[in-house]
C-alpha cells in the first residue's frame, strides 16, 4: 500500500508518537540490502554470542528485516530516553554497595514501550490502513542497525546506539508496516578518533572497534550466563551486580543527554546504590517483591545473589564475610559456590583454610567443592 509522497503522513505519525511519550520517531525503508547481516554472521561464527543460542538459531530471520515478513515496506523506529539523573560511574567506588545498570533501576521498559507501540499501531491502522507488526527487543529484528538507518543515531565503537540528542540513553521500539513511508536520512558515524568506550571496559570485551565479544561483557556475564561466572572475570566485576554502564556512561556525546521525562524509567530510590549486605539476604519472595515490574526479576534470585556475592568478595570489607558465610547453607549450589569464593577473598588465610576443610567434607556438590580448592 502506498500513501501520499508528501511529508504530511510522516508528520502526523511523528506527532502521535511524541504525544504517546516517545522522544524520537523516524522512518526507513526495509527492502534494500542489509549489511548488518554479515556482521551478525561474523559475530556468531566466532562464537562471540556465548550461551545465547537463540541468536544462532534465529540468524536466518535476523539476516534482513523482511526475512520475518516479506510484505513489509517500511519501518517506523522509535526511541524513548532513559537518561539518568546521576553519573552511573560514581557508585563503582562505593564498594559495599551495588551497581545496577541504569536501564534496570526503573520499570521494565519492554512492557512500557510495547503498550505504547500497540497504541500507536492502533492509531496508525485506523488513520492510514495497511498491515503492521510491533517489536521491542522481543523478536529476531536487529533494531540498532535499523535505528541507525532511520537516523536515530549510529552504532558506536562499543556497538551500542549513540544519539547526538540523547547520548547513550535510548530504548528502541519498531513498527514494520506495509505502508510506503518517506525515508529519513541515516545518521553518519560521529565517533571520530575517540575510543573512550573501548578503553574503559573492565574485561576488555571489545576485540576491535565496532566488535563485541559477549563472553567477556559484564552485562552478559551477570545477566545471561546461568552458571558460575569464570574466575578470570570475577574481580573485574567490582560491585556491578546487574549489567554494566561503563562504555555507555563514558561517551562524550552524553553531554547533550537529558534526564528521562518518563517517571517509570527513572531510578527507584531503593535501586540507586543498594547495600550489598541487604541484597545478600533476599530470599525468593523478597527478591520478587523488590524487583516487581523490573527487568532484574528475569534472572531469578539465585543468579542475582551469585552476583551480589562476587561483589561482596570484591568489597575488601571483612565485615561482609558474615553475609557470605551465612549463604554457605543456601539450597542453591550456585549461591554456595559464589559464597565460597567471596570468603576466600575476605577471610585471613588461617580462618579460610579451617572453614574450607569442614565445608569440603560436608559439601554434596562437586562444583561447589571445586570453588573451595581453586
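Dividing the mean sequence gap of close Cα pairs (under 8 Å, 6+ apart) by how many residues segment 276-374 holds gives a relative contact order of 25 percent. Over segment 44-173, Cα pairs under 8 Å with separation of 6+ residues give a relative contact order of 30 percent. One Cα centroid belongs to segment 263-329, the other to segment 138-200; the line between them spans 32 Å. What is segment 100-157 by shape, rounded, prolate or oblate, if you read a ≥ b ≥ c off the alpha carbon gyration tensor as root eigenvalues and call it rounded for a/c under 1.5, prolate for a/b larger than b/c, and oblate otherwise? Oblate, because a/c is 1.5 or more while a/b does not exceed b/c. Once the Cα-Cα distance is subtracted from the 0.36 nm per residue extended length, the residue 196 to residue 60 segment shows a gain of 45.6 nm. Highest mobility in the GNM of the chain, judged by mean-square fluctuation with C-alpha springs under 10 Å and restricted to 344, 153, 79, is found for 344. On a C-alpha basis, how far is the centre of segment 31-56 from the centre of segment 110-127 in Å? Whole number, if you could? The two parts, judged by their Cα centres, are 29 Å apart. Summary value for the chain: 20 percent relative contact order, contacts being C-alpha pairs under 8 angstrom separated by 6+ residues.
The label-point distance for residue 270 and residue 139, in a model that sets each label 7 Å from Cα toward Cβ, rounds to 3.5 nm.
Using every Cα-Cα pair within segment 276-374, state what percent have a distance larger than 18 Å. Across segment 276-374, Cα pairs with separations above 18 Å total 43 percent. Each principal axis of the Cα cloud of segment 128-175 was taken in turn, and the coordinate range along them, longest first, works out to 37, 23, 16 Å. The GNM of the chain, with springs linking C-alpha atoms under 10 angstrom apart, assigns the highest mean-square fluctuation among 102, 90, 162 to 90.
Neighbour counting of Cβ atoms within 10 Å sorts the residues 127, 240, 97, fewest neighbours leading, into 127, 97, 240. Note on residue 8 and residue 94: the model spin-label points, each 7 Å out from Cα along the C-beta direction, lie 5.5 nm apart.
Every read-out reported here was derived from the displayed coordinates using simple, explicitly stated rules and does not represent laboratory data. Quantities reported herein were computed from a predicted structural model and do not represent experimental measurements. Because the Cβ atoms are built from the backbone with ideal geometry, glycine has one as well, and the counts that use them run over all protein chains shown.
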